[in-house]
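To start, the structure under review is shown below, and the notes come after it.
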Amino acid sequence: MLGLSVATLASYLAAVVVLMVIPGPDTRFVLANATRSGAVATLGVAARQAVRVAAGG
């Protein structure tokens with residue numbers, strides 16, 4: 001299984017869940033602008049993330 005032990009995989013998945021649950025600056029920005037500008041901000045954040053993923057990092 002890709003050379004990972006079950007304990008390593010479980011630790012990694014636990015860390016991923018914690019990091020996904022903690023709101024980051026993007027989340028706080030969108031929630032602070034919970035109007036039309038919040039929707040536009042959401043599209044901007046999603047576009048940034050798509051470009052980052054497409055760029056490979």
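Odds and ends about this structure:
- Selection count where residues are open to solvent by 70 Å² or more (accessible area, probe 1.4 Å) and hydrophobic (A, V, I, L, M, F, W, C), scope the stretch 8-46: 13
- Scanning the stretch 31-57 for residues that are in a loop (DSSP other than H, G, I, E, B) and not hydrophobic (A, V, I, L, M, F, W, C) returns N33, T35, G56, G57.
- Pairs, first at pLDDT 80 or above in the stretch 42-56, second open to solvent by 90 Å² or more (accessible area, probe 1.4 Å), C-beta under 9 Å, six or more apart: none
- The set of residues from the stretch 21-30 being part of a helix (DSSP H, G or I) and either farther than 17 Å from R48 by Cβ or touching a strand residue (DSSP E or B) at 6+ places or on another chain (Cβ under 6 Å) (or both) comprises just one member, V21.
- The residue list R36, R48 contains one member that is within 13 Å of the chain's Cα centre (by Cα) and at negative phi, which is R48.
The values are calculated or read from the model by the stated rules, or taken from the named source; none is laboratory data. All values reported here derive from a predicted model rather than from experimental measurement. Cβ: placed from backbone, ideal geometry, glycine included. Neighbour counts: every protein chain shown. Ligands, DNA and RNA are excluded from the accessible area calculation, which covers all protein heavy atoms including side chains. Shrake-Rupley method; radii C 1.70, N 1.55, O 1.52, S 1.80 Å.
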